[in-house]
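All remarks here apply to the structure that follows.
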Amino acid sequence: MKKLIPFAITFVLLVSCESKKETTPIALTGTWRLISAETTEKDSTFSTFNPKTKMIKVINETHFAFFNHDLNNGKDSTNAVFFGGGGKYTLKDSTYTENLEFFNNRQWENGKFEFTVKIKNDTLTQKGIEKIEKLGIDHIITEKYVREK
């Protein structure tokens, strides 16, 4: 029994000294401006970023919203652009899932889109699959945003 006591004390000390891995939650909340976007369909990857528009994504604790508009204030009817959408999201580790509740293209509404997100400095990268069978959409998107100040 006396031999077990030092073993038990050593065991308790080792267990209590075990480092606890703390995970820092990804700081998604804020306003983000799109700086690049790519789509991959089958074996082809191409840019979908339009420098003639500005897109922002606003994320709070429970919801996200995105807005995109042309930089000509809609004055050039051939290039006038505005769209927006939003809904609730979940974040577990680096898995960010958007539940698109509102969108000007109603056929996208109620879509669930899962992304892997990471933040480095003030840059948010989000990559995942957009799939909507009824529209024949099935591609991977990679978007990069910079935090608006």
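Here are the numbers:
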item	result
Qualifying residues in segment 113-148 (those that are in contact with a Ser or Thr (Cβ under 6 Å, 6 or more places away or on another chain) and among the basic types (Lys, Arg)) - the one nearest to Phe66 (Cα to Cα)	Lys144
Residues within segment 63-121 that are within 19 Å of Ile137 (Cβ to Cβ), out of contact with any Leu (no Cβ under 7 Å at 6 or more places or on another chain) and acidic (Asp, Glu), tallied	3
Enumeration of residues in segment 114-137 that are exposed (fewer than 13 other Cβ atoms within 10 Å of the Cβ), among the acidic types (Asp, Glu) and either touching a His at 6+ places or on another chain (Cβ under 8 Å) or at pLDDT below 95 (or both)	Glu133
Top-ranked residue of segment 34-82 - restricted to ones that are touching a residue at least 12 places away in the same chain (Cβ under 8 Å) and of a type in the set (Lys, Arg), ranked as nearest to Phe103 (Cα to Cα)	Lys57
Elements of type strands (runs of 3 or more DSSP E) in segment 57-149, at least 3 residues being touching a helix residue (DSSP H, G or I) at 6+ places or on another chain (Cβ under 9 Å) and β-branched (Val, Ile, Thr)	none
Residues located in segment 77-100, provided they are of a type outside the set (Phe, Trp, Tyr) and surrounded by 14 or more Cβ atoms within 10 Å (Cβ to Cβ)	Val81, Gly84, Gly85, Gly86, Gly87, Leu91, Thr97, Glu98, Asn99, Leu100
Selected residue (criterion: nearest to Lys42 (Cα to Cα)) from residues of segment 91-149 that are within 13 Å of the chain's Cα centre (by Cα) and acidic (Asp, Glu)	Glu130
Among the residues listed as Ala27, Ala37, the single one being among the hydrophobic types (A, V, I, L, M, F, W, C), under 25 Å from Asn121 (Cβ atoms) and in a strand (DSSP E or B)	Ala37
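The values are calculated or read from the model by the stated rules, or taken from the named source; none is laboratory data. Treat the numbers as computed from the prediction; the structure is a model and nothing was measured. As a convention, Cβ positions derive from the backbone with ideal geometry for all residues, glycine included, and neighbour counts pool all protein chains shown.
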